[in-house]
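Report on the structure given below.
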Amino acid sequence: MDLRERRREATRVEITDAALTLVERHGFSATTVDDIAREAGVSPSTFFRHYATKEESVLHGDSLFEADLDRWLADAAPEDVTLAALENLFRRSFDRLAGESAAVRARLLRVRRLLADDAHLRSVAYAADAMAMCRLTDRVAEILGDSASRGYARLLVEVAGTTARVAYDAWAEAVDGGRAGAAADPVALYASATADLRRLVSELPD
């Protein structure tokens, strides 16, 4: 990430921190974009240069994972598009999570708690995730071409994504529950989730 991108990301984080603080204090529906911009010390126009909606400012997607995924999709040949390859991308995101600061991890947990408490935010997050999975399925199906069906592409994407979500939820629950060490290690939890997936598949009849 170059200096310009780092500055852009820093502004996005400041806006998200302001949004989280206000939503936690007043609730999502009572918090406006103007309120968030004022709390973050930016203008409304600056807010909209970084986020299209109030909901996006709270959810704050993982731009590093998205960039990693875009680079992989740009270069991948059909034979490169495998479950192992997708798992490797998600594993790198869990590696990053393990190395993040306490502030970053705390921000992720704050978002998760708000999703649990606010039905509107939760529905927006689910819809955004579903759309991201659809776009990824489209791209994977395009790369695979005639070598596999669209159903195969969708299964590949959904299985990889679901395994990552299971591991992320396990990490968040462990941290919120006060557990430490391996029990709250995101890398170990992702490894456990992928192992569970293989166990599940191995139990299927031939």
Summed residue charge, Cβ within 13 Å of Asp118's Cβ, Lys/Arg positive, Asp/Glu negative: +2
Average Cα contact separation per residue, the stretch 2-124, under 8 Å, 6 or more apart, as relative contact order %: 25 percent
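Counting only GluC sites (Glu not before Pro) that sit in a DSSP loop (anything but H, G, I, E, B) with at most 16 other Cβ atoms within 10 Å, what is the longest stretch of the chain containing none of them? Show your work: numbers first, answer last.
Working: sites that count: Glu100, Glu203.
Within the chain, the longest run free of exposed GluC sites (Glu not before Pro) spans 101-202.
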Computed label-point distance, nm, for sites Glu14 and Ala191 using a 7 Å Cα→Cβ extension: 4.0 nm
Could you tell me, in Å, what Rg and Dmax come out for the Cα atoms of the stretch 89-206? 16.2, 49
Rounding to the nearest 10 and keeping the result within 0 to 90°, find how far the Cα-based axis of helix 119-144 lies from the longest principal axis of the chain. 40 degrees
Note down the nm distance, to one decimal, between modelled labels 7 Å out along Cα→Cβ at Glu142 and at Ala76. 1.3 nm
Taking 7 Å along the Cα-to-C-beta vector as the label spot, tell me the Asp2-Arg199 distance in nanometres, rounded to one decimal. 4.7 nm
Once ligands and nucleic acids are excluded and a 1.4 Å probe is used, how much of Val104 is accessible, expressed in Å² to the nearest 10? 40 Å²
What length, rounded to one decimal in nm, is gained on full extension from Met133 through to Ser45, with 0.36 nm per residue of separation minus their alpha-carbon distance? 28.7 nm
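Taking all protein chains together and a probe of 1.4 Å, list Val201, Val33 from the most accessible to the least accessible. Before the final figure, lay out each step's value.
Details: Val201 80, Val33 30 Å².
So the residues, ranked largest to smallest area, are Val201, Val33.
With the alpha-carbon atoms as the only input, what is the per residue convex hull volume for the chain in Å³?
On the way: hull volume 29.2 nm³, N = 206.
That works out to 142 Å³ per residue.
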If the chain between Ala106 and Thr21 were fully stretched, how many nm would it gain, using 0.36 nm times the residue separation less the Cα-Cα distance? 29.4 nm
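The values are calculated or read from the model by the stated rules, or taken from the named source; none is laboratory data. Quantities reported herein were computed from a predicted structural model and do not represent experimental measurements. Reconstructed Cβ throughout: ideal geometry from the backbone, glycine too, with neighbour counts over all protein chains shown. Heavy atoms of the whole protein, side chains included, go into the accessibility calculation; ligands, DNA and RNA do not. Shrake-Rupley method; radii C 1.70, N 1.55, O 1.52, S 1.80 Å.
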